[in-house]
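*Asks:* Input: one structure, supplied below.
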Amino acid sequence: MRLLPRTRVAASLASLTVVAAGVLAVPGTVAAPAASAATTVGSSACLGYSGLDNPRLLNGDPKADLVGFVMRDGFKAPGIAAKVVGNGNGNVTWRQPSLGVSGTAWLHSLKWLGSLLSQDRDFTYPRKPYWRNYTAAEKNAQYARAVAVTKDWVADNPSWEKTDPRGSTRGIVSNAGHRLQFLLCLRQTVGAQGWLDSTIARHVAFLIGSSSDKLSNRRDADSRRYVYSNWKPAADWPRWQGPNNIGLDQSLGVISAGCELGRQDWLNVGLRRIGKHANKVYDAQGVDNEQAPGYSAYNFGLWTKTLDRLQTCGALSVGVGAQLQNAVSFIAAAHRPDGKLEQLGDTKAVASPIYGTVAEYAATQGASGPRPTERVGVYNSRTNGGYVFGRSGWGTDRPFAQESFYSLRFGAGRMYHGHDDHTSVTFYARGQQILTDGGHSGYTKGKYRDYIISPEAHNLVTVDGLKHERYAKTSLTKATLSDSGDSFVVVDKPYAGVTRQRSVLTTLTPQPDAMIVADTLTSSTKRHYNQLWHLGTPFVASPSGNGAVATSGDTTVHVLPIAVTGGAATATKIVRGATSPYQGWTSPSPGTRQAVSTVVVGATGGKVTMLTAVVPAAAGAAVSATATPNGTGGYAITLTIGDRTVNATLAADGALSR
C-alpha cells in the first residue's frame, strides 16, 4: 500500500464527468516505429511520489526532517521501519532482505528520493516562523544527491529486467512503473540528460515489450509475456499487469514518458492500455475490481490523476468520470464509526479521506465534509459487486463514534487484493470492533500471509477435509432493509459437494445491537462444519455455556450458539494466537500482528443449519437466546438483552427476518 497526499476533489468531480464524456481513440494495436526526433505531443507534470516525500512518513510529524534523513541515505516507506541504506554519500546497498517484499519494492521505486525534489522548506529552523526556504545551494545539493543515488541504482542493477517476478526481490520489476514515474520527475527537475533519457527509454521498452515476446492473444499486443533462462522454474510473465493498480501505474508512466520525450509511439501504447483498463476497472456503482476498499481509495487517486494527465497530454479522455463519483460513495460507506476503513481484502485500518466529498465526512467521523445520505449500501453488480455496508446512522442522532456498523462479503471469486472472505461478516458497536477481519499483513509470502488470505481468518463457515475453491462465486439472493433490522441471504459452493447458504440479520442502535446468523450447509456426505467468529482484539474470550463471552471496558460480547438442526453440535472451541496452524490473528497494517480470540462453533451432519447470535451488550447485562418451532418448519427466535428483547423468525428455507 501507499501513503497518498491530501487531495481535495469535490470541485473537480464535475469536470471529471466532462473529461470522461469523450471517447478514447487510439491507433492500432501495433506500436509505431520509434520516432526519429522528439515531437510535441503534449505536456506532462510530475506524477508525484506516492506520499514517500511526505515528512509525516518519517515519524508522524509534519515538520520532520525527511530531507535531512534522505540526504543521509535514509529510506522510509509505509509500514517499513526507517533505515539507513547507504554510506551517507549516495552509495546505496540495494539488496536489503530485511525490508521484505514491500520494502524492497519501494526502495527500488526510487520514489523515497522524492523529498529531495519536492520539498522547498526546512522546518527544523529554530526561530520564528520556525521554517525557512532552502537556499539555492542547498537545493542544488539535494538535486545532485537524487541524481547520484539514481545513477548508483543504474550502475548497481545492470540486469534488473532479469529479476524473477515471483521471487522475494520481485519488487525490482513489479515497481518498474513507479520507478519510471520517478525518473520522469527527476528529468523535469534537473533537465534532459543522456544517461537519464536512455534509462527512461529502457524502462518503457521493458513495459511495452518487443515483437519477440510470446503473445497470450495473437491479436493483442498488450498480452506480451517474457521469460529469462535464470528463472527457476521457467514461466513466462506479462509485461503489462493488466487492469489493476499496478497496470495503471505502468500505463501512467508510459503515457508520461511519451509526452515528456515526444514519443507518439509510446503514448499510443499507454493510451490503448488505459482504454482497456477503463472498460474493466469500475462498475456502474463505482466499485473497482481490486476487492479491497483500501485499494478503492488508492485507485480513486490514480484515476483522477490519470484523467488530469490525459488532459495535459493532448486533451484525451476515457469514460470513468461517472463511476468515480460513485466510487466516493463506496469509499465513504466502507468507513467504520471509528473513521477507519473496514479491513476487507488487503486494506489497512486507516482513514481514507477524499477531501470535499462524503468520504471526508466518513473518515473525519463527521467533523467535516458533506454528510452521506444512505444508511445501507448494497453493491451487487455482476462484475465487481460483492459488498454490503450497513450502519445505524451518520452521527446525527448520536455521536458518530457511537453508531453501529456491519459488513457482508459476496460476489466474484478472489482476485488481485481480495481474500477468501465470501459470506464473511464484520461488526462494530458500542465504540468497539466486535467481529474483526484478518486484515492486511503485507505481501511477504509465507504461512502467515497464507492464513490472512484464507477462509480461516474470516467470520464464515469452513468444511473440514475439503479444499476451498478461490474462484467460487457467491450470490446475494435476498436483501431486506428496514429500520427494524437488515437481512440478507448469500449462497455459494466453495467446497466440492457442499452448498453453503448464509442468512444474516442485524439490529442496530437505538435497538439492541445484535447479529443473528443462520448457516445452512448441504452435502450428500456427512461433514464437520466450523462456524468461525473472530472477536475484536481487546476481547479475550472464555467459555460460557455452549458459547463464549469476552469483555472489554463497558462491553461484553456474547457468542450464543442457539440451535443446530439436521445434525449434531460439537464442542465450541476458543483459539487465540495459535501458530501451528495459524488461527486467532489479525493485522491492522502490514508488518503488524495482533492476537484475537476466535470462537469456533462446530456441527456435523449432511444438511445442517447452525443458528448463532453475536450480541455486544453492556457489561453485566444478562443475555440469552431461544429458538422455538413455529409450526411452519421454522423457528421463532428471541434474544433477551438486559430488559430488552429482539424477536426474529427463521423460515424453513433458512432465511432470517423480523
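*Asks:* Scan the stretch 104-139 for residues that are more than 26 Å from the chain's Cα centre (by Cα), under 15 Å from Leu186 (Cα atoms) and of a type in the set (D, E, K, R) and jot them down. Lay out the reasoning, then the answer.
*Replies:* Of all residues in the stretch 104-139, those more than 26 Å from the chain's Cα centre (by Cα) come to 116-139.
Checking which are under 15 Å from Leu186 (Cα atoms) leaves us with 116-119, 139.
The one that is more than 26 Å from the chain's Cα centre (by Cα), under 15 Å from Leu186 (Cα atoms) and of a type in the set (D, E, K, R): Lys139.
*Asks:* Of all residues being of a type outside the set (Phe, Trp, Tyr) and without any contact (Cβ under 8 Å) to a residue 60 or more places away in the chain in the stretch 383-411, which is surrounded by the fewest Cβ atoms within 10 Å (Cβ to Cβ)? Just the residue, please. Step through it out loud before you land on a result.
*Replies:* Step one: list which residues in the stretch 383-411 are of a type outside the set (Phe, Trp, Tyr), which gives 383-386, 388, 390-393, 395-399, 401-404, 407-409, 411.
Of the ones still in play, those that are also without any contact (Cβ under 8 Å) to a residue 60 or more places away in the chain are 393, 395-396, 399.
Details: Gly393: 17, Gly395: 19, Thr396: 9, Pro399: 11.
In this case the residue turns out to be Thr396.
*Asks:* So which residues in the stretch 140-175 are over 26 Å from Val67 (Cβ atoms), open to solvent by less than 40 Å² (accessible area, probe 1.4 Å) and assigned to a helix (DSSP H, G or I), if there are any at all?
*Replies:* Within the stretch 140-175, Trp160, Glu161, Val173 qualify.
*Asks:* Ile434 passes all but one of (1) surrounded by fewer than 24 Cβ atoms within 10 Å (Cβ to Cβ); (2) part of a strand (DSSP E or B); which number fails?
*Replies:* Evaluating Ile434 over (1) surrounded by fewer than 24 Cβ atoms within 10 Å (Cβ to Cβ); (2) part of a strand (DSSP E or B) leaves (1) as the failure.
*Asks:* Name the residue, out of Leu267, Leu252, that is open to solvent by less than 10 Å² (accessible area, probe 1.4 Å) and under 22 Å from the mean Cα position of the chain (by Cα).
*Replies:* After ruling out the rest, the residue left standing is Leu252.
*Asks:* How do the strands (runs of 3 or more DSSP E) wholly within the stretch 447-541 filter down when requiring 2 or more residues that are aliphatic (A, V, I, L, M) and open to solvent by less than 40 Å² (accessible area, probe 1.4 Å): which remain?
*Replies:* Filter on the stretch 447-541 gives 461-463, 486-495, 498-507, 514-523.
*Asks:* Let me ask you something else. Would you mention how many residues in the stretch 414-431 are open to solvent by less than 10 Å² (accessible area, probe 1.4 Å), part of a loop (DSSP other than H, G, I, E, B) and of a type in the set (Gly, Ala, Ser)?
*Replies:* Of the residues in that region, 2 qualify.
*Asks:* For the list (1) open to solvent by less than 60 Å² (accessible area, probe 1.4 Å); (2) more than 27 Å from Leu650 (Cα to Cα); (3) at pLDDT 95 or above, I need the number of the one condition that Thr592 fails.
*Replies:* (3)
*Asks:* Got at least one residue in the stretch 563-584 being open to solvent by less than 50 Å² (accessible area, probe 1.4 Å), touching a residue at least 60 places away in the same chain (Cβ under 8 Å) and closer than 30 Å to Ala81 by Cα?
*Replies:* Checking the stretch 563-584: at least one residue is open to solvent by less than 50 Å² (accessible area, probe 1.4 Å), touching a residue at least 60 places away in the same chain (Cβ under 8 Å) and closer than 30 Å to Ala81 by Cα.
*Asks:* Using beta carbons and a limit of 8 Å, which pairs, at least six apart or on different chains, have the first residue in the stretch 96-120 and assigned to a helix (DSSP H, G or I) and the second one of a type in the set (Asp, Glu) and at pLDDT 95 or above?
*Replies:* Note: pairs meeting the criteria are Lys111/Asp53; Gly114/Asp53; Ser115/Asp53; Leu117/Asp53; Ser118/Asp53.
The values are calculated or read from the model by the stated rules, or taken from the named source; none is laboratory data. For clarity, every value in this text was computed on a predicted model and none was experimentally measured. Cβ atoms come from the backbone with ideal geometry, glycine included; neighbour counts cover every protein chain shown. For the accessible areas, the whole protein counts, side chains as well, though only heavy atoms, and no ligand, DNA or RNA atoms are used. Shrake-Rupley method; radii C 1.70, N 1.55, O 1.52, S 1.80 Å.
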